[in-house]
Structure formats: structure tokens, C-alpha cells
Amino acid sequence: MRLKQFVSPDMGENCYFVIDENTGETVIIDPGAQGEKLCRAIDSEGLDVKAICLTHCHFDHVGAVEEVKKHTNAPVLICRGEEETAGSTAYNLSAMFGRPLTVAYDRVLGEGDKFSFGSLEFSTILTPGHTEGGGCFYFEKEGILFSGDTLFFMSVGRTDFPGGSASQLADSIRNKLFALPDDTRVYSGHGNETSIGFEKEHNYFVN
């Protein structure tokens, strides 16, 4: 596995390319902005994009979805429960920030659903709380979790937006994410990398 990270200049959102080094097959997680830059990176490395995977559908995580999909013809995958957020400019906050958009998706991932590309595979962990249908993508073999805006370095996602729930978010983290091995590396939707073990010990917002 090889990772490429792109940080949007306006909202500081992290977009990740997860690449199978042998085949070039790739999934793109949360292309929030800079669509032209992402497409150039795809072409310059000759990547074969198999899916565009969304941890949730807030506008800062999906702003480049349409452009990347047109460029790659890759299917867009969202998590179960996120359908309303995908289709509502109020729920995905795009209207609030003056950038109204909706997300056209091709597949809805449920709890435990897997997606394979090249020699890599992730499973879906539904973690409602930041949004109604927020989720995480777990590469068990590699010990890597892409947590979107559910879990951050020493913090958690906001719950004061439409569809948010502080109690649901805490349950999602404690009962699902904290059940993963302590050495699981966590790549969040904003900010720095962390680990499950570190957050179990130091995350004030959960503990």
C-alpha cells in the first residue's frame, strides 16, 4: 500500500489516494477540493481509480467528487444513512457556505461491507454522530483506519450540524473504533495522523 495525501487550502480537509503499488489500482477517499490537481496527480502516476469513497457528504469532503468522477468514471461509494446528506444542500452544509451542491452516488456501503482493489481490501465501519451516515474505512491487514470526521488527533467531529448527535458519536468511537487494535494508524479527515491506542488514552472528548 502507498498513500498520497492532499490537504485542501481553504478547509484543511484531507483527501487520500490509497494505491496498490503493484497494479496502480487506487481508491480516492474524500476528494473535497482541488479537483484539477487531483486529476493531474491521477494522470501523472497512471493510476487506475476503482472507486471514490466518501466517509460522509459534508461539502468540504465532496467538492471535487463530480470532477474526479468525470475524469475517471469511477463509482462513488457512500455509507448507509448518508443518503439524505448527499442530496440536501442544507444537510451537507454547502448552502450555508455559499457553495450549493449535491452528491450523485453509485453504491451504498453497509456495516461490514468490503471493497477490494488490487491486493488491498477495506471493510466499512458505520460511525454515525458527526452526520447520520458517517463511516470509516478499515484496512485490517495493513492496520490502517480512515476515520473521516469521526475521530481526530485528540479530538472528535462536531455534532452541532444537521444530523449530528454527540451521544451517537461517542458510542461509535467507544464501541467500534476503540475495539480495533491499539496500533491501528488513524488517518483523519482533518489534521494529523494518530492511533487508536493513543486516542484511547489521551482523547479528552471521548474519555
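The numbers here are math on the coordinates, done by the rules we state, and not lab data. Treat the numbers as computed from the prediction; the structure is a model and nothing was measured. Heads up, the Cβs are rebuilt from the backbone with ideal geometry, glycines too, and the neighbour counts pull from every protein chain shown.
Here are the numbers for the structure shown:
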quantity	calculated
Rg/Rh for region 115-171, where both radii come from Cα atoms and Rh is the Kirkwood radius	1.05
Average silhouette area of the chain, convex hull of alpha-carbon atoms, in square nanometres	10.0 nm²
Sequence ranges 162-173, 40-51, ranked by mean other-Cβ count within 10 angstrom, highest first	162-173, 40-51
Gained length - Arg2 relative to Asn73, 0.36 nm times residue gap less alpha-carbon distance	23.4 nm
Contour excess over end-to-end distance, with Cα ends at Asn192 and Ser119 and 0.36 nm allotted per residue	23.6 nm
Local electrostatic count at Ser116 - Lys and Arg +1, Asp and Glu -1, tallied over other residues with Cβ under 15 Å	-3
Tyr204, Tyr16 arranged by Cβ crowding within 10 Å, fewest neighbours leading	Tyr204, Tyr16
GNM top mover of Ile144, Ile52, Ile28 - the chain, alpha-carbon springs below 10 Å	Ile144
Relative contact order of region 1-127, defined on C-alpha pairs under 8 angstrom at six or more residues apart (%)	20 percent
Mean Cα-pair separation over length for region 28-96, i.e. relative contact order, pairs under 8 Å, 6 or more apart, %	35 percent
Net dipole in debye of the chain [+1 Lys, Arg Cβ; -1 Asp, Glu Cβ; about Cα centre; nearest 20]	100 debye
Bridge type composition, region 2-202 - antiparallel percent by DSSP, nearest 5	65 percent
Cross-link pairs beyond the 29 Å C-alpha cut-off, checked among Lys70/Lys200; Lys4/Lys70; Lys4/Lys200; Lys4/Lys176; Lys70/Lys114; Lys4/Lys114	Lys70/Lys200
Under Karplus coefficients 6.51, -1.76 and 1.60, residue-wise ³J(HN,Hα) of region 30-46 in Hz, glycine/proline x	6, x, x, 6, 6, x, 4, 5, 5, 5, 4, 5, 4, 5, 5, 9, x
Pairwise centroid distance, computed over Cα atoms, of region 11-75 with region 120-192, Å	20 Å
